[in-house]
Every structure is written in C-alpha cells, then in structure tokens.
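Asks: Here you go, one structure.
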Amino acid sequence: MEAIINSFHHLPHRNFTTKFRQLKAAAACVETSPPPETLSNVSSLSKLKLNPAKARHAHIIKMPNQQDSDIKVQSLITSYLELGDFHSAAMLFFVGLEQNYLHWNTFFQEFKNKGGDPIEILQVFVELHNIGVVFGSENLAMLLKMCAKLRDSWLGLEIHVCLIKRGFDQDMHAKAALMNFYGSCWGSDSAKRAFDEASDQTSLLWNEAVLVALRNGEWFEGIDVFRHSQFSSMKIDSNTFTIARVLQACGKIGALDEGKQIHGYILRNAMESDLAICNSLIFMYSKNGSVEQARAVFDLMQNRNLSTWNSIISGYAAYGYLEDAWELLHEMETYNLKPDTVTWNTLLSGHLHHGSYQEVLNILQHEHMQNAGFKPNNRSVTTVLQAASELHYQYIGKEIHCYVIRNGLDSDIHVVTSLLDMYVKNDDLNSAQTVFDGMECRNIFAWNAMISGYSFKGDFEKAASLMSHLKGEGVRPDLVTYNSMVSGYSMAGRIDEALDMMKQIKDSGLAPNVVSWTALISGSCQNGYHRHALDFCYQMQAEGVKPNSATIASLCRACAGLSLLQRGKEAHCISIRNGYVEDAFVCTSLIDTYSKCGDLESAYSIFRATERKTLASWNSMIMGFSSYGHGKKAISLFHIMQQAKKLQPDAITMTALLTGCKHSGLIDEGWRFFDSMETKYGITPTIQHYSCMVDLLARAGYLDEAWDFISQMPVEPDSTVWGAILGSCRTHGSLQLGEIAARQLFKLEPQNPANYVLLMNMYAASERWDDVDRVRDLMERRSLKIGNVWSWIEMNNTVHVFSASGKPHQEDGEVYFELYHLVSEIKGMGYLPDTKCVHLYTDDKGEKEKALLSHTEKRAITFGLIKTKTNTPVRVIKNTTICGDCHTFAEYTSLARKREIILKDGIRFHHFKEGKCSCRELL
Ligand SMILES: [Zn+2]
Ligand SMILES: [Zn+2]
C-alpha cells in the first residue's frame, strides 16, 4: 500500500493542474464579475438565465447562518444542474452544504440524470483540494467510490493520503471505500491488504471483501471469503446484496453445495422473503441443473417480479424443459406481467441449444410475440442466425441480414460474426467475404469462420492467405484456426500439408488437441491412407491426448480398411478404456470393423449388447451377415428391425439387403426388395442398387436377364455394373457377353489392370492364345502392369504376406512341405485339382498342378494351419477374387483339419466350415 502511495508522489505532474488553472480562471470569471449586459454575442439562452441563479448564490453566501440555507442551497444546485452548469453545481455542493451519504446519493443521482459527467465532480474536488479546502471523511469515501468506478487510480491514491493525514483511514466507511477503490484499480491483493490493515474487521468490511473478489471475477475467492466471514469470531451480518451476489457466483461456477449452505444461512436468518435473494437462489439452482429446487424456491415466493419469472423460465429453457418454459410464460401473463426481451431470448436460446431449430424461427414469427411488441435485439438475432445456419435456410438468413442493417445491429461484432458464419455454413463464401470485408474490427471467430469456409471447400490458397493476413494484423491464430486447416487438408487427401499444419500448431506454442488429431485420422481414412491413420492414432495416444468417439470411429474404419482384426480388437479396448462402449456411434463402428475383419461372431455379440441401436447399427449388422453370405439371417434381422423396433429402412439398408440376396443367390427375395423400394419405402434406387441387381442375376447365371435389366435401367451403367457382368461371364463361361462388358470397362476405367487380366484369363480358359497376346499388347501400350496378387494373414500383430510375384515368404519351404502333404491327404477324400484355373500355355498337367500349389491363398491358409492353435479359425485376406480350385481346396481342408477358414477376397467373405462354404459356390 505504502509503496503505491510513494510511487504516486514520484509521478510527473498530471494534467489536473492545467485543467485546474482553466477551471479557476472560469470560476473567477463567474463569481467576481457579472457578465456585462452589453455583451452582444451572447449565444445561448442558458447563459442569460445563469444571472438570477448567480445572484441568489451571492445572496446565500452573504448570509451563511440562515436556518433554511440548506434548502436554498439545494434548490440552487438544482438550478445549476438544470442550466447545465455542472461545474458550479459541484462547487456549490462541496462548499455550500454539510454533506452526508444521503445528500451525496441524491446529488449524484440528480447530477447524472441531468447529463453531468461524474468526472467533473472529481475535477471540482481537485480544484478545491489544491486551494486548501479540507474535506470530511464522508466526502472522501464517496470520492474514492467515484475513483473506483471511473478507474482513476491516481486521484484515489491522493485521497488515501488525505485520509491518512486526517486520521480517517480507520473509519469504517472510508476503509470500505478504500477496499473498493484498491480492488477496482489496483487488484484484489491491494484490497486485501487494506482489509488486513483494518483495526476492526466489521461486517461492512467483510461484505466489501466479498464484493471486491466478485467484482474482479474471482468467484471461488469471493465464495471463500464469504464462508470465512461466517466462521470469524465476530457475529458478521451479511447484507442481502452481498448474499445475492455470492449466490450468483455459485451459479456461475457450478458450486451447488456452497449454494445450498448459503440457502441454509438464508433460512436461519429469515431472509427468505427478500426478492433479490430469492431471484439469486433461483438463478443459482437452475444454473446448477437443479431446476426442481429452483422451482421450489419460486413456488414459495410471495412477491415475484419480471426478473423472478425470467430466472425460472431461463432455468427450464436451458435444460430443455421447453414445454414447462412456455407454460410459465403463459402463467406469468396472467399476473399482468409482460415478457420482455430477456424472456424471449431465453426461450430462443433454449430451443436452439436443444436442437429445435425450426421452433426458434417459429417463435420469431409467433403471433403472440409480435403482439407483445417484441423487437429482436442483438442476442435474439445471433440465436436466430444460428438456427438458420443449422437448417441451411439461407433465405431466412438473408432476411435477418436486412433486419440487422435496418436496425443498426451491424456494429455488434457477435451479430456480424453470426452472419458470416451463416453464409459460410450455407456455402455462400462470396456473401461471407462481403460481410467479412465490411467488418471494422474482426475478431478471431470471424477469421476462423472465413478460413474454415475456404479450407473445407479446398481453396487452400485463399485460406492460407487469410491466415497470413491475420498474423499481419497482429491476431494470433488459435487452435480452431489451425484445426480447420488440418481438417481441410486431410479431407482433401493432402496429408503432408496437414502434418505440416500440425507442426505449425506446435511451433506456435499450442498443443494439437483431440479435434486436430481426429481431423487428421479421419481425413487419412477417407482417402484410403489407413496405415497413416493407425500411426497417427498411436502418436496421438503417445502424446497423451484422449480419443473421443469420433476418433475411435475413425480408428475402427482404418482397422476395417486394413482388415486387421488384432488392431480392431485394440480399438475395442480403447473404446472400453475411455468409456465409449455404450456410445451407439462407436458400437456401430465396432460392428462394422469386426465383420470386415472376419470376426462376424464378435460383431454380432456387440450388436446384441448395444442398448440403443440406431438405424446405422442395424444397417452395419445386416451388411455383416450379407457379406458373409448369410442372406436369410440378414433378411430376418431386417424384419425384426422393422416390426419390433419400428425403424424404417433407408437406401443403405436396401443396399445391404440386396448384397445379402446377391451373395446367397436369393433371386426372388432380391426382386421383392428391389420392387418395394419405391412403392413401399419411398427410396429411389441408385446405381448401387441397380448394380446389386445386375450382380444378383448374373452370378446366379441369368446373364440374359441381367443384360435386359441393364438395357432398361434409367441410369447409365457404371464400372461396377460391367464388372459384375464380366466376373459372372468368367464363372459361367460366356465369352461373347464378357467381351462386350470388357470393352465398356476399358473405356470407363482404362487404367484398371484387373479387367484386362480377367479377360485374358477368359481367353486362356478357351485356349484363345492369340487373343491373350492381343490383350497383353493392349496393356503394354497403355503401360499397365499386371497387379501383384497377394494373400496375407495376421498373427500376433504381424502381417505375413504371400505374394504371387514378389519376395517369397521366409517360411515358404515349411509351407510347401505341409501343402504337399495336405493336398495328397485331401485328394484321398475326393479333391480334384481344377487345372482350368491355370492359364499356362502348356498341356502338361503336372506343370499346371504345380502352378496351382503356388496360389497365394493356399500358402496363406497352410501357414495359418501350421502356426495357430487348433481351435481358432484361420483368417486370410486376398486382394483379388478367390479362384475355383483354391475354393475347393479350402472346403476340403476345413473338413480334413476340422478348422474353420475365413477368407476375405476382393469381393466378399467365404466362411469354410466342415467342408462347405457360406457362399454356396456363388463365387
Ligand atoms: Zn487359386
Ligand atoms: Zn466360398
């Protein structure tokens, strides 16, 4: 304290002196010489009217001891105030009246009401103080309060010096004023020192100590000081104002227990009839989510004002009890209280935060509200704009934009930022840019909205240039800024640039959070960089960032994309560890992952355990059954979903069902689902559904029907349709149709070697070697290489790859040894090697059988049999379709070795068990 005062004395002379000189000159002019009546250029009427006031003033000064002088002085002060001579009014207040707190308050109120600037009172004080006028403690206390309010930290110090000099500094009111001043101008620590220095810590000072903390936003500290005051050895009476403020603090920081204790104190001290206290209790309870207790306080109140009703309505609305909020609004009107802007805004934001966006707009058009004469203010407009953004109602957004301009709300930064956001979310970057350009000062939200708009659209040049502009204007990009860049880059598949952004986050002193990492991971997944996604996920955990449900879902997608069952199980563990096992979104991802990684059983057990199944969960499970060829199970699951759960299917459900029919050869069921799509469920078939139907017909051998179907399709057949035809033509040996399909495919996807290989194999099977050469030449001309064929098996987190043309596996020797044994064993059971699957330009059967043995899926299956326990299924992944011979081999092997074999090929799952496959030979 002393240090502050000392430092004050060393300060350079402040401009008070110069100001004072001017004032003094002016005062001299007013008091000594009456204005010459001849003054021809008197411009204002008020100057003329000043004369009688001055004359009366002079009269009073001459007769100071008159009894009614106080009344006269007061009416004179009023005259000065009415004339707008605030200086004279203040001067007279100080010198002509014996002041007390009551006088001060009336004077101050009148002064302000008449348009006086309180600074002028301080200036008059300085003027008088400098010519040696001595002030009483009450005056000094009031002046200190003004210094606190006007943040005049230096004058306040001077007043403190006065108090010390005159021995007033232990006066309770002066002390309280000092605490207020130090708290406002020099921080709560200085105020605390003033409190500690007090010889007698009275209730007044304790109350002030609480208020100082609360005024400085130190909510915990304020509540703490209040509790201390209750335990102090003295009997501290807290005043209602302080209690109300402490309760509000408890509401703001979620201190329900403390709030309840204060409620107890209120009841013990019989303060429960105080309106301000009750309003604060309602506020405290509803902010803490105890709407029922808030209601209990409300119901017991004898008198309620508008703020009471607003508090309780706001409590209900904030927690989504929107109907109750409306009911209260109507009840309030029966008491002849009209809802005000606060009431309406409370309802608007309640509806917004609980997703009733349409209702937000309805309220605005509500006849009830229009009749009530409600005029939306900046807060209402911000809320409505957010609802319009969510609903993508740009036309409403534009109407609000007009309203904003008409009503001059465009100077409010929140309003303008919401406008900007609305345009960005509606994908209208031009309008957003116009709003942005028109902004006088732009906050980080505005910058972020623009940057994310451009980044998500893939216009990285503009986004990056905005980012450098932002830095140029001295605004620091925050995590949101960086995250929108990370997200944009990774969604566009530009992983290196996304990583560079992650580095920039760290360089700027921030740490990437779960949003940054999830953006990176999900972007990598979407672009097929599943390995990257997995790596990023481990990196994120290594940096101590906890995943959220979106991260886990992306992780699952990466595992499913890579068919890594072991990693999928890890993702499952992560979701358990982080408490997401009941999250429907996470569960659906896990169902999908398990079924795509070849563990349909685990997928089904998660599905059964999921309590709140969404349509997506059902779709995932139906798709799981379908891709394993359990078409009937898929269909019965669909019926349960529809009948027991009353869920209506969407386009994805239909794709899953048709896939099931296709993999199980359920032609009639397939047709029935396809026909019911539009008529029964109102779903317009897309190319995916048509493609499924073509595949269904062609696979089952109905190639002519498939051909007819294609010619009647209202959409242009794409590569999936022709691919389905080509694949089936190979299985069913229809070379002529296959050639047509291949020709279409060479046009649609000229760079896909698989189509060329398929056609070559078909020619080879018919021994048309010239045509084989012709297709090979075509591939060479288009510089295409026959893609590598491989199968792999995952074991103890290691992937063992068996490739047709690449490096041999290090244990191939052992594998071939076992494979010879196995083949001779199953030959004894009836297995006949299908040499048609070998496209060698030779007639040597032995040579062809040897070639069959080298097929990657046979090697991977054999490796699995050798290396895994006898009771676990062998899971193999192949990047292309399984060949007919390997399929027969796997069927026999599953019988001979009593092992389940699950093989995922380029198209579907084959589940071999006891000599049969789930695909029923529909390869
Ligand atoms: Zn094979
Ligand atoms: Zn099969």
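Each reported figure results from applying straightforward, stated rules to the coordinates on display, with no laboratory input. In this text the structure is predicted, and so the values were computed from the model without any measurement. Every residue, glycine as well, gets a Cβ built from its backbone with ideal geometry; the counts of neighbours run over all protein chains shown.
Asks: Could you order peptides 885-898, 750-763 by the average number of other Cβ atoms within 10 Å of their residues, highest first? Working shown, then result.
Replies: Details: 885-898: 20.8, 750-763: 19.3.
Highest to lowest by the protection proxy: 885-898, 750-763.
Asks: In addition: Could you tally up the Lys pairs in region 790-917 with alpha carbons closer than 14 Å? Skip any pair fewer than 8 positions apart unless they're on separate chains.
Replies: 10
Asks: Taking H as built 1.01 Å from N, whose amide H comes closer than 5 Å to the amide H of Arg875, not counting residues under 5 places away?
Replies: For Arg875, whose amide H was placed from the backbone, the distant partners under 5 Å are Ile902.
Asks: Using the Cα centre of the chain as the reference point, and only Cβ charges (+1 on K/R, -1 on D/E), how large is the resulting charge dipole? Debye, rounded to the nearest 20.
Replies: Working: 91 positive and 103 negative charges, 168 e Å.
Here the size comes out at about 800 debye.
Asks: Using only the Cα atoms, what convex hull volume per residue in Å³ does region 790-917 have? Show your work: numbers first, answer last.
Replies: Values: hull volume 13.5 nm³, N = 128.
So the per-residue Cα hull volume is 106 Å³.
Asks: Of the options Tyr580, Met641, Trp219, report the single residue whose Cα projects farthest towards the positive end of the charge dipole of the chain (beta-carbon charges: Lys, Arg +1; Asp, Glu -1).
Replies: Value computed over the given set: Tyr580.
Asks: Could you state the angle between the C-alpha long axis of helix 444-457 and the longest principal axis of the C-alpha atoms of the chain, as a value from 0 to 90 degrees rounded to the nearest 10?
Replies: Orientation of helix 444-457: about 20 degrees from the principal axis.
Asks: Continuing with this model, one more query. Tell me, what does the Kirkwood hydrodynamic radius of the chain come to in angstroms if you use every pair of distinct C-alpha atoms?
Replies: On the way: mean 1/r = 0.0278 Å⁻¹.
So the Kirkwood estimate lands at 35.9 Å.
Asks: Run the numbers on region 686-787 and let me know its relative contact order in percent, using alpha-carbon pairs under 8 Å that are six or more apart. Intermediate results must be reported in sequence, preceding the final value.
Replies: On the way: 106 pairs, mean separation 21.1, N = 102.
That works out to 21 percent.
Asks: If you line up the long axis of helix 615-627 against the longest principal axis of the chain, both from Cα atoms, how many degrees apart are they, to the nearest 10?
Replies: 20 degrees
Asks: Turning to a different aspect of this structure: Percentage of Cα-Cα pair distances in region 437-506 greater than 18 Å, rounded to whole percent?
Replies: Tail fraction, whole percent: 30.
Asks: How large is the direction-averaged shadow of the alpha-carbon convex hull of region 174-297, in nm²? Show your work: numbers first, answer last.
Replies: On the way: hull surface 28.5 nm².
Value for region 174-297: 7.1 nm².
Asks: Shifting gears a bit: At a threshold of 8 angstrom on Cα-Cα distance, excluding pairs fewer than six apart, so keeping six or more, what relative contact order does the chain reach in percent? The partial results should precede the final answer.
Replies: Numbers: 1233 pairs, mean separation 34.2, N = 923.
The value is 4 percent.
Asks: Counting Lys and Arg as +1 and Asp and Glu as -1, each charge on the Cβ, what is the dipole of region 409-495 about the Cα centre in debye, to the nearest 20?
Replies: Details: 7 positive and 11 negative charges, 81 e Å.
In total the dipole reaches around 380 debye.
Asks: Relative contact order for region 740-830 using alpha-carbon pairs under 8 Å, separation at least 6, rounded to a whole percent?
Replies: Once divided by the residue count of region 740-830, the mean separation gives 17 percent.
Asks: Related question: log10 I(q)/I(0), Debye, Cα-only region 599-709, no solvent, q = 0.10, 0.11 Å⁻¹?
Replies: Treating every Cα as an identical point scatterer, log10 I(q)/I(0) equals -0.28, -0.33.
Asks: How do Met491, Met485 line up, fewest other C-beta atoms within 10 Å first?
Replies: Details: Met491 18, Met485 27.
By the 10 Å Cβ count, ascending: Met491, Met485.
Asks: Suppose we look only past 14 Å in the calculated P(r) of region 503-554. What percent of the Cα-Cα pairs does that tail hold? Mind dumping the intermediate values first?
Replies: Numbers: 640 of 1326 pairs.
Pairs farther apart than 14 Å: 48 percent.
Asks: Report, in whole Å, the centroid distance computed from the Cα atoms of region 513-534 and region 806-824.
Replies: 38 Å
Asks: So how do 86-99, 186-199 stack up, highest first, on mean other-Cβ count within 10 Å?
Replies: Details: 86-99: 20.0, 186-199: 16.8.
Answer by packing, highest mean first, reads 86-99, 186-199.
Asks: Rounded to the nearest 20 debye, what is the charge dipole size of region 686-787 about its Cα centre when +1 sits on each Lys and Arg Cβ and -1 on each Asp and Glu Cβ?
Replies: Working: 10 positive and 14 negative charges, 67 e Å.
Using Cβ point charges on Lys, Arg, Asp and Glu, region 686-787 gives about 320 debye.
Asks: Sort out for me the Cα centre separation of region 164-240 from region 442-494, rounded to whole Å.
Replies: 47 Å
Asks: Across 10 Å bins from the origin, how do the percents of Cα pairs in region 516-599 run, short distances first?
Replies: Binned Cα distances yield the sequence 21, 58, 20, 0.
Asks: Given a Förster distance of 25 angstrom, what is the FRET efficiency for Glu811 paired with Glu900, based on the Cβ-Cβ distance and rounded to 0.05?
Replies: Working: r = 22 Å, r/R0 = 0.89.
With a Förster radius of 25 Å, E is 0.65.
Asks: For region 724-870, take N as its residue count and report Rg(C-alpha) divided by 2.2 N^0.38 Å. Walk me through the intermediate numbers first.
Replies: On the way: Rg = 17.6 Å, N = 147, 2.2 N^0.38 = 14.7 Å.
Ratio of Rg to 2.2 N^0.38 Å for region 724-870: 1.20.
Asks: Mind listing the phi-derived Karplus ³J(HN,Hα) values for region 293-301, rounded to whole Hz, using 6.51, -1.76 and 1.60 with θ = phi - 60°, and x for any glycine or proline?
Replies: 5, 4, 5, 4, 4, 4, 5, 7, 6
Asks: Specify the inter-centroid distance of region 280-327 and region 651-716, based on alpha-carbon positions, in whole Å.
Replies: 57 Å
Asks: Per-residue counts of other Cβ atoms within 10 Å, averaged by peptide: what ranking do you get for 830-836, 522-528, highest first? Spell out each step's value before the answer.
Replies: Numbers: 830-836: 14.9, 522-528: 20.3.
Packing proxy ranking, top to bottom: 522-528, 830-836.
Asks: Right, something else. Could you give the angle, 0 to 90 degrees to the nearest 10, between helix 600-609's Cα long axis and the longest principal axis of the Cα atoms of the chain?
Replies: Around 40 degrees separate the two axes.
Asks: Now for a separate question. Which value, in Å³ per residue, describes the convex hull spanned by the Cα atoms of region 686-787?
Replies: 86 Å³
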